[in-house]
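Reading through the structure tokens given below for one structure.
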Amino acid sequence: MNATSTHTVDNEVTILAHVLGNGDGQLPEDLARYIVDLDFSDRDKARMHDLAVRNQDDALSPGEKEEMFAFGKAGTLLSILQSKARRTLKIKPKKHTSS
């Protein structure tokens, strides 16, 4: 018997969205407002910059490379959650302009 499943495999972002959501795919408004305002601290931004610059010179230890990738994953997760929050609040994202 060849049974096929229509269930999709959830990733960390999808699972977290289920946890944070209110059952209808939307974040509660108070949570959405909080998430929209989240950002990395100045200390974390400085650390990410340091890791990125030293990575260009291939000067990171294996632990530092892991930390750099962890910051990247956290940033991606934050961006996705903020996108969901903006959708809940019906806020259009800011357009980035090149100078």
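The values are calculated or read from the model by the stated rules, or taken from the named source; none is laboratory data. Small disclaimer: the values here were computed from a predicted structure and weren't measured. Note: ideal-geometry Cβ built from the backbone for every residue, glycine included; neighbour counts use all protein chains shown. The protein model used for the area step is the full one, side chains on, heavy atoms only, and it has no ligands, DNA or RNA in it. Shrake-Rupley method; radii C 1.70, N 1.55, O 1.52, S 1.80 Å.
The table for this structure:
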read-out	value
Residues being modelled with pLDDT of 75 or more, assigned to a loop (DSSP other than H, G, I, E, B) and open to solvent by 80 Å² or more (accessible area, probe 1.4 Å) - total across the range 1-29	1
Residues that are open to solvent by 50 Å² or more (accessible area, probe 1.4 Å) and in a helix (DSSP H, G or I), drawn from the range 78-99	Ser79, Ile80, Lys84, Arg86, Arg87
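Yes or no, residue by residue, for (1) part of a helix (DSSP H, G or I); (2) closer than 19 Å to Ile91 by Cβ; (3) open to solvent by 60 Å² or more (accessible area, probe 1.4 Å):
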residue	(1), (2), (3)
Leu31	yes, yes, no
Lys45	yes, no, yes
Met48	yes, no, no
Ala52	yes, no, no
Leu60	no, no, no
Glu64	yes, no, no
Met68	yes, no, no
Phe71	yes, no, no
Thr76	yes, no, yes
